[in-house]
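Worksheet: the structure to be examined is printed underneath.
The values are calculated or read from the model by the stated rules, or taken from the named source; none is laboratory data. Bear in mind the structure is a predicted one, so any value in this text is a computation, not a measurement. Note that we place each Cβ from the backbone using ideal geometry, even for glycine, and neighbour counts take in every protein chain shown. We work out accessible area using only protein heavy atoms, side chains counted, and drop any ligands, DNA or RNA first. Shrake-Rupley method; radii C 1.70, N 1.55, O 1.52, S 1.80 Å.
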Amino acid sequence: MNTSRVIALSSAAAFGTQVAFALITLRLFTPQEVGEFSVISQIGFFWMTLALAQSQLSLLANQHMPAHTAAQHAWRASAWRGLALLPVAALAVWFSQLAMWPTLMWALLLAFCQMGWMLAQSFTLRVDCAWQQAAVRVLPPLTAAATALTTALAGASFGWSGPSLVLSALAGYAVGAAWLVPALRARASHTSSNAATDRPTQADPRSAALRMVHTLVDALLATAIILVWQRLYGAEETGWMSALLRVLGFVPAVVHMAWAQVALAHGRSTTSPWWLGLGGFACVIALGLSCAVALYQGWLDPRWHGVWTYIAPLVLWQGTACLSAAFSHRPFQTQSASAYSWACIALSAFQTIALLAPIGLVPSIDAEQHMAGFAGVSSLGLLGLTAWMAKR
């Protein structure tokens, strides 16, 4: 399928660019700066994810609804939810112990621009040509990497000390969100040929409440990982963990974008998800080994040697996430989307227990033991979820 090849190649290019961005942060910024940026960006990600409530997946799964109309409704509803979530985001900033201003402002800008980018990717996958589908995925991380490099060089040459990483991420997300503008400006769309008369072969029948709960638990867990590390172990330890997680986490994201989303957009799949999931797992292992070699050879600043303790558990966790991502389209094609959401909610509950237990039960546990336990629970849960989806 030509679209699959285009999305796979563009996602791979975007992945490589984001790896370059991560390497730039490792090389040109301190662990303290990376840790603070990780906290702000994670709060923005939490805000964006909860406001979307998985609207980008519904836009792909509900093929019977015109794309322009669906995108407009998704953006409008997500924007209102985002504004309503302002107090929640402020509470997250307070918990992180960063200054409320301008942290909350940066998180808001990151959240709304990233929200537009996520919807734009689904919208272009349905209505635009191949080069537009590729551009909406490649240009944002390329912009972020170029901006990060430029601001770092400006800081070295002219002594500028602004929020380089936040500005770089914001520039990238803004470029991505611009691709949603045609959908928002479009007039009422014509009904697609199978919108009213044909029964859709796939759909997202979940209630808005279930989608919101599913999104909430996912967003809370993703944000809690960063905030708990920041509060228990400090910004430097958070920088070590979050930088590696950002690099390895690109792979399951690419598997989901280049495979599961395309399968939803076309309503069918022809390749075995097992091969794709195992291929993603192999890529995660290769990246982990590359990081270990870079540390062993002294290619990174000695201040980053703390990354060593996180390589093995994060490789296992993100590798199993690739397997789960490869099957994530199946529930929408087998009328089991609601059961899938409840399974994900249950998994997040076990992960949350593993994450928060050391705070009250084992206060003397160190960061290495903490991550090993959390990654182990997460990996077992993801393997179980993958096995269940494979039987659909």
> In the set Ala107, Ala79, Ala120, Ala89, which member is assigned to a helix (DSSP H, G or I) and open to solvent by 10 Å² or more (accessible area, probe 1.4 Å)?
Replying inline: Ala79
>> I need the full set of residues from segment 42-76 which are without any contact (Cβ under 8 Å) to a residue 60 or more places away in the chain and surrounded by 22 or more Cβ atoms within 10 Å (Cβ to Cβ), in order please.
In response: Ala70, Ala74
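Residues checked against (1) within 25 Å of Gln72 (Cβ to Cβ); (2) open to solvent by less than 30 Å² (accessible area, probe 1.4 Å); (3) of a type outside the set (S, T, N, Q); (4) in contact with a Gly (Cβ under 8 Å, 6 or more places away or on another chain):
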| position | (1), (2), (3), (4) |
| --- | --- |
| Val136 | yes, yes, yes, yes |
| Leu139 | yes, no, yes, yes |
| Ala144 | no, yes, yes, yes |
| Leu149 | no, no, yes, no |
| Ser164 | no, yes, no, yes |
| Tyr173 | yes, no, yes, yes |
| Leu184 | yes, no, yes, no |
> Is it the case that some residue within segment 371-386 is over 23 Å from the mean Cα position of the chain (by Cα) and touching a residue at least 40 places away in the same chain (Cβ under 8 Å)?
Replying inline: no
> Among the residues of segment 198-254, how many are on the phi > 0 side of the Ramachandran plot and surrounded by 20 or more Cβ atoms within 10 Å (Cβ to Cβ)?
Replying inline: 0
>> Going through Trp131, Trp160 one at a time, which residue ends up being at pLDDT below 90 and not in a helix (DSSP H, G or I)?
In response: Trp160
>> Any residue that is within 15 Å of Met48 (Cβ to Cβ) and either within 18 Å of the chain's Cα centre (by Cα) or part of a helix (DSSP H, G or I) (or both) - is there at least one of those in segment 143-151?
In response: no
> Got a number for residues in segment 292-310 being touching a residue at least 60 places away in the same chain (Cβ under 8 Å), open to solvent by 20 Å² or more (accessible area, probe 1.4 Å) and hydrophobic (A, V, I, L, M, F, W, C)?
Replying inline: 1
>> Which numbered condition in (1) crowded, with 19+ Cβ neighbours inside 10 Å; (2) over 24 Å from Arg246 (Cα atoms) is the only one that Ser11 fails?
In response: (2)
>> Here is a check on your reading of the model: is Ser341 buried (at least 16 other Cβ atoms within 10 Å of the Cβ), small (Gly, Ala, Ser) and outside any helix (DSSP H, G or I)?
In response: no
>> Take the conditions open to solvent by 30 Å² or more (accessible area, probe 1.4 Å) and under 18 Å from the mean Cα position of the chain (by Cα) and apply them to Phe37. Does it pass?
In response: no
